[in-house]
Amino acid sequence: MRVPVVQHRSRRRRALRRRALWTGGEFLVTAGVVLLLLVVHQLWWTNREARRGAEHQVQALERQWATPTSTPTPGATSGGTPSANTVTSDRSSPRRSTTADTVTPHRSQAYAILTIPRLHLRVPIAEGVSKQNVLNKGYVGHYPGTQQPGQAGNFALAGHRNTHGEPFRYLPRLRLKDTVRVETSAATFTYTVDKILPQTSAADSGVIRPIPRSTVKPAYGYSDPGYYITLTTCTPEFTSRYRMAVWGTLTSMRPRT
């Protein structure tokens, strides 16, 4: 009977294959762990840190407003808002606002609080829509060039749908007649949701114009001047391909006492 002879070269090749497979397996496991940690960081840690920071900022604004001051606040104008506790039902002929007495907030400065009862949401509003300095902090950002709270025109806001506090994650849950409140040191402005645009192009600038109307889907929007609020966010979830917009009309203003 002939005994097979195993050559040293064959043994070395098999050893090298086993080592390569082992190394490849270790690499895949390590890569999987790294990816898992990145997902945890994005979906949990950034939300945790941003929400904590946003809550602290809300509390800081409330403490600041509790201290008497004579400095006017963004949105507090001498003739740009409806009178206290009145409803501006005539959108075709709103009173013209004046910005002469309005203080413009600094870029990235938190200066107001957004409250949406249906979403159990209460977050700071900051000037600008910078990801690093505003949105990634869990804040809602005010589009520069749009109006301030209570002024005639369009007070337009943006917020993250996912990660970094994701304040607008549940924006699609809003329904017609839901209320949206904006608080400043001068007053609380209440807007009532009356139009919703479920999806449009990310480049649809019409949604934040003074008289908001989609340029992509012209059936959505307004035709007359008024006192509006616009809430925008990415859609669908975990993408930034499209935008959704929720619009509301100012229905009351209550001065802060």
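Scanning the range 54-78 for residues that are buried (at least 17 other Cβ atoms within 10 Å of the Cβ) and at pLDDT 80 or above yields ALA54, GLN57, VAL58, LEU61. For the criterion of being surrounded by fewer than 24 Cβ atoms within 10 Å (Cβ to Cβ) and in contact with a Cys (Cβ under 8 Å, 6 or more places away or on another chain), ASN162 passes. Going residue by residue through the range 119-132, is there one that turns out to be polar (S, T, N, Q), in contact (Cβ under 8 Å) with a residue 24 or more places away in the chain and out of contact with any helix residue (DSSP H, G or I) (no Cβ under 9 Å at 6 or more places or on another chain)? The answer is no, given that none of the residues of the range 119-132 is polar (S, T, N, Q), in contact (Cβ under 8 Å) with a residue 24 or more places away in the chain and out of contact with any helix residue (DSSP H, G or I) (no Cβ under 9 Å at 6 or more places or on another chain).
Please list, ordered by first then second residue, the pairs with beta carbon atoms under 6 Å, 6 or more apart or interchain, first in the range 170-191 and under 16 Å from THR249 (Cβ atoms), second buried (at least 21 other Cβ atoms within 10 Å of the Cβ) and aromatic (Phe, Trp, Tyr). Going by the 6 Å Cβ cut-off, the qualifying pairs are VAL180/TYR191; VAL182/PHE189. Here is the figure for the range 127-143: residues that are more than 23 Å from ILE196 (Cβ to Cβ) and in contact with a Gly (Cβ under 6 Å, 6 or more places away or on another chain) total 4.
The values are calculated or read from the model by the stated rules, or taken from the named source; none is laboratory data. Computed from a predicted model, the values in this text were never measured in an experiment. So basically every Cβ, Gly included, is an ideal-geometry build from the backbone, and we count neighbours across all protein chains shown.
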